[in-house]
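Where a number appears in this text, it was derived from the coordinates with a stated rule and is not lab data. For clarity, every value in this text was computed on a predicted model and none was experimentally measured. Note: ideal-geometry Cβ built from the backbone for every residue, glycine included; neighbour counts use all protein chains shown.
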């Protein structure tokens, strides 16, 4: 593992009230889904990631943590190759999905991106109906051609995020009329409707109130049975509650990665200890 080696901490439980979730450790039965191997990334002359390596396991939640500007979002966008559409950027290293190099010359980026679902910080429903939002990806991919064909998929996708019973009588209503929490669940429904393999969540609860946040956290716990989930969060309690693995970044470096229980209760580095105890960040 890369990182600062001169600030190793003794293995002592932190004097900090942190609620660890019911599944705070990696399950050895879950295979490696994504492997990040010695990845560095630049925006022009500015290096945003420095030799990052980590494994992301199937059917688990991996939380990316660290202060703003530490490289979390950059790495998230490297996973589905969104960063490469930004001008004057460069990446070194390799990323594997199910053992296949996703940056290999014969990989079609649009096809690759279909294997990933993206959930942004703020809900971003399109200015159309709830129904149209839900099946948007299916429609543009040519998977469904008409309303009759789409309707069962609308119900199953909205049902998977606990939204069907709330909106089934107003599927033709504009999606932006939903509450912000409902909008975010709709965006998750839209993401999973195309059956991706990995869900990338960039601070999905940052704009939500505590009640809506709790609903999303419960949903994440349910979704990991079918998806590999990577979440960026500045809410440390949230990371401790929902994730099995945590990766701590600082100034583009991955300083610590491990099971949530270990990272939060017995961090190996001084910087990680200071971060999870709220001394900075």
With the Cα gyration tensor of segment 51-113 giving a ≥ b ≥ c as the square roots of its eigenvalues, does the rule (a/c under 1.5 for rounded; else a/b larger than b/c for prolate; else oblate) give rounded, prolate or oblate? oblate
Of all C-alpha pairs within the chain, those more than 25 angstrom apart amount in percent to 48 percent
Write down the radius of gyration of segment 47-168 and its Dmax, each obtained from C-alpha positions, in Å. 17.6, 50
Bridge type composition, the chain - antiparallel percent by DSSP, nearest 5: 60 percent
Hull volume in cubic angstrom per residue (convex hull over the Cα atoms of segment 10-115): 152 Å³
At a temperature of 4 °C and a viscosity of 1.567 mPa s, determine how fast segment 167-281 diffuses translationally according to Stokes-Einstein, using the Kirkwood radius over alpha-carbon pairs as Rh; express D in µm²/s, rounded to the nearest whole number. 82 µm²/s
Hydrodynamic radius by Kirkwood, which averages 1/r over all alpha carbon pairs of segment 93-132, in angstrom: 12.9 Å
Report the full-extension gain for the segment residue 86 to residue 68: residue separation times 0.36 nm, less the Cα-Cα distance, to one decimal in nm. 4.5 nm
Relative to the compact-globule scaling 2.2 N^0.38 Å, provide the ratio for the alpha-carbon radius of gyration of segment 182-248. 1.04
Test of understanding: what is the full-extension gain from residue 270 to residue 211, defined as 0.36 nm times their sequence separation minus their Cα-Cα distance? 17.9 nm
Which FRET efficiency value, to the nearest 0.05, do you get for residue 155 and residue 53 by plugging their Cβ-Cβ distance into 1/(1 + (r/R0)^6) with R0 = 41 Å? 0.45
